[in-house]
Amino acid sequence: MKTLKVINQNGSCCTTTKDFDVQESVNNSNKNLPIVIIGAGPIGLATAAHLVEQNQAFILLEAGREIAHNIRTWGHVTLFSPWRYNINKAAKALLNASGWEEPNLDTLPTGHELIDLYLKPLSELVQIKPNIQLNAKVVGISRQLNDKMKTKNRVEQPFIIYIEQENDIRMIEARAVIDATGTWGNPNPANSTGVWLQNEKTLANHIEYGIPDINTNAKRYANKKIAVIGGGHSAINTLLALAELQEENPATKLVWIMRKKSVEEAYGGEEKDALAARGALGVRIHELVDTGKVEVITPFYISQVKKDENIHIVGTINREQKVLTGFEELIVNAGNRPDFSINSELCLFIDSTTESVQALAPLIDPNEHSCGTVRAHGEEILRQPEKDFYIVGAKSYGRAPTFLMATGYEQVRSITAYLSDDEEASKRVELELPETGVCGINLADPSNSCC
């Protein structure tokens with residue numbers, strides 16, 4: 001038996017000491033069980049590729065009707081980074097062995113292309129496809145015969161994963177669980193305080209969260225007054241698409257609402273940004289604002305949204321209350337948050353502020369870091385007091401918007417090595433990030449940087 005250290009910065013109900021000691025005992029019956037991966041997006045499929053490489057049994061569960069179901073909902077959006085930074089090394093090795101046609105590594109994929117040219121071929125490989133279960137929604141995870149309060153011999157019990165599928169509930173056992181469910185589909189509200197109010201929920205038919213496909217929803221937005229809420233790249237992408245609609249439908253009125261001190265903070269590096277696609281967004285939105293095609297209201301702190309004949313947005317600007325009126329549609333790009341409902345019977349260390357894995361929080365705090373300044377991390381940082389359970393990918397970052405796909409690939413490389421008893425490999429750093437230049441510094445405001 002050996003003792004593992006789980007980094008605990010603030011203490012929790014699970015322990016009264018600074019570090020939580022997990023007693024690792026060998027249970028031969030559990031060793032024969034598969035590793036369960038939840039979520040068949042880029043990080044989940046990369047995990048599967050690494051487990052194939054390590055010759056480990058696994059099951060990959062996906063709640064959607066196809067792999068990367070969440071990405072399909074924003075498939076029309078072009079990524080900032082080229083293909084070379086979005087393909088996992090283990091996955092690439094498997095694909096190359098199958099005769100896969102690699103895309104041009106210097107081009108920028110859309111979400112649809114990421115699925116169709118990379119993730120789908122990966123999921124179709126003979127080493128992976130038989131282990132994927134679609135329409136398999138995980139509704140809970142626990143330990144066999146134990147709830148969260150039972151600690152005696154807990155680590156010797158296998159995990160039980162409860163799956164809702166075809167109007168039935170079934171259970172599978174696992175020796176380890178890797179939660180790669182992400183945060184997409186769990187948006188933050190328009191309300192600046194982060195509180196979901198019933199007023200906003202009742203406006204569901206007039207609010208979209210994320211980056212809608214304006215081309216396929218042109219009738220919904222044409223010649224209407226639309227508020228786009230948020231100061232990041234998602235909001236800019238949305239406004240650029242709406243501006244194209246505005247060209248053909250000039251009565252369309254666009255209002256950009258955010259909390260930044262000035263709109264210049266949202267432009268980023270523009271021509272000086274080493275990621276050209278991201279810099280181009282800043283240049284284009286700058287032009288739209290300067291020509292009056294997009295009205296900017298900032299810094300505006302929304303307290304609630306209401307509807308009578310039209311939608312009213314109530315908030316404060318420069319400490320004075322103001323009501324913005326006459327809106328017909330809202331598009332909210334205020335980021336996402338993790339959903340821990342399936343993890344509620346597991347003992348976890350989650351940071352109270354970022355809602356990230358606790359030991360990861362100081363490395364990713366968006367008040368201090370951007371995607372370009374987060375150092376590589378792996379199994380040891382992501383380790384939980386619930387032995388052999390890991391949260392990876394965007395969900396491991398909680399509400400922090402600083403996640404990079406390449407960082408997630410490094411996370412699962414390290415974890416799968418550890419679960420395959422290769423502790424040395426799990427401690428190595430193999431992450432190779434692009435030289436993103438101003439990714440780490442917003443030239444307008446160094447404290448307001450993210451990718």
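The values are calculated or read from the model by the stated rules, or taken from the named source; none is laboratory data. Just so you know, these numbers come straight off a predicted model, no measurement behind them. Don't worry about glycine lacking a Cβ; one is built from the backbone with ideal geometry, like all the others, and counts go over all protein chains shown.
Assorted remarks:
- Checking each residue in the range 156-204 for being small (Gly, Ala, Ser) and over 21 Å from GLU379 (Cβ atoms) picks out GLY185, ALA190, SER192, GLY194, ALA204.
- Taking (1) surrounded by 17 or more Cβ atoms within 10 Å (Cβ to Cβ); (2) more than 28 Å from GLN165 (Cβ to Cβ); (3) at pLDDT 95 or above in turn, ALA97 satisfies each apart from (1).
- Taking the listed residues ARG72, ARG154, ARG170, ARG65, the one that is basic (Lys, Arg), under 30 Å from LEU281 (Cβ atoms) and out of contact with any Cys (no Cβ under 6 Å at 6 or more places or on another chain) is ARG72, with no other qualifying.
- All helices (runs of 4 or more DSSP H) inside the range 219-328 with 3 or more residues being of a type in the set (Gly, Ala, Ser): 233-248, 276-290
- Pair list, Cβ under 6 Å, 6 or more apart: the range 281-296 residue farther than 14 Å from LEU242 by Cβ, other residue in a helix (DSSP H, G or I) and among the hydroxyl-bearing types (Ser, Thr, Tyr): GLY282/TYR267; HIS286/TYR267
Yes/no per residue for (1) surrounded by 17 or more Cβ atoms within 10 Å (Cβ to Cβ); (2) among the acidic types (Asp, Glu):
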residue	(1), (2)
HIS286	yes, no
VAL296	yes, no
VAL305	yes, no
ASP308	no, yes
ILE317	no, no
PHE327	yes, no
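- For the range 297-335, the candidate set comprises residues that are among the hydroxyl-bearing types (Ser, Thr, Tyr) and touching a residue at least 40 places away in the same chain (Cβ under 8 Å); within that set, the residue that is farthest from GLU264 (Cα to Cα) is SER303.
- Total residues in the range 321-343, condition touching a Ser or Thr at 6+ places or on another chain (Cβ under 9 Å) and not charged (D, E, K, R): 8
- Members of the range 352-366 found to be surrounded by fewer than 21 Cβ atoms within 10 Å (Cβ to Cβ) and outside any helix (DSSP H, G or I), listed by number: SER352, THR353, GLU355, ASP365, PRO366
- The set of residues from the range 104-130 being over 20 Å from ASN70 (Cα atoms) and either aromatic (Phe, Trp, Tyr) or surrounded by fewer than 18 Cβ atoms within 10 Å (Cβ to Cβ) (or both) comprises ASN104, LEU105, ASP106, THR107, VAL126, GLN127, PRO130.
- Of the residues contained in the range 184-207, one or more are found to be out of contact with any helix residue (DSSP H, G or I) (no Cβ under 7 Å at 6 or more places or on another chain), closer than 25 Å to ILE391 by Cα and of a type in the set (S, T, N, Q).
- In this structure, GLU164 qualifies as among the acidic types (Asp, Glu) and under 20 Å from ILE59 (Cα atoms).
- Failed criterion for ASN70 (all others in (1) touching a residue at least 60 places away in the same chain (Cβ under 8 Å); (2) out of contact with any Phe, Trp or Tyr (no Cβ under 7 Å at 6 or more places or on another chain) hold): (2)
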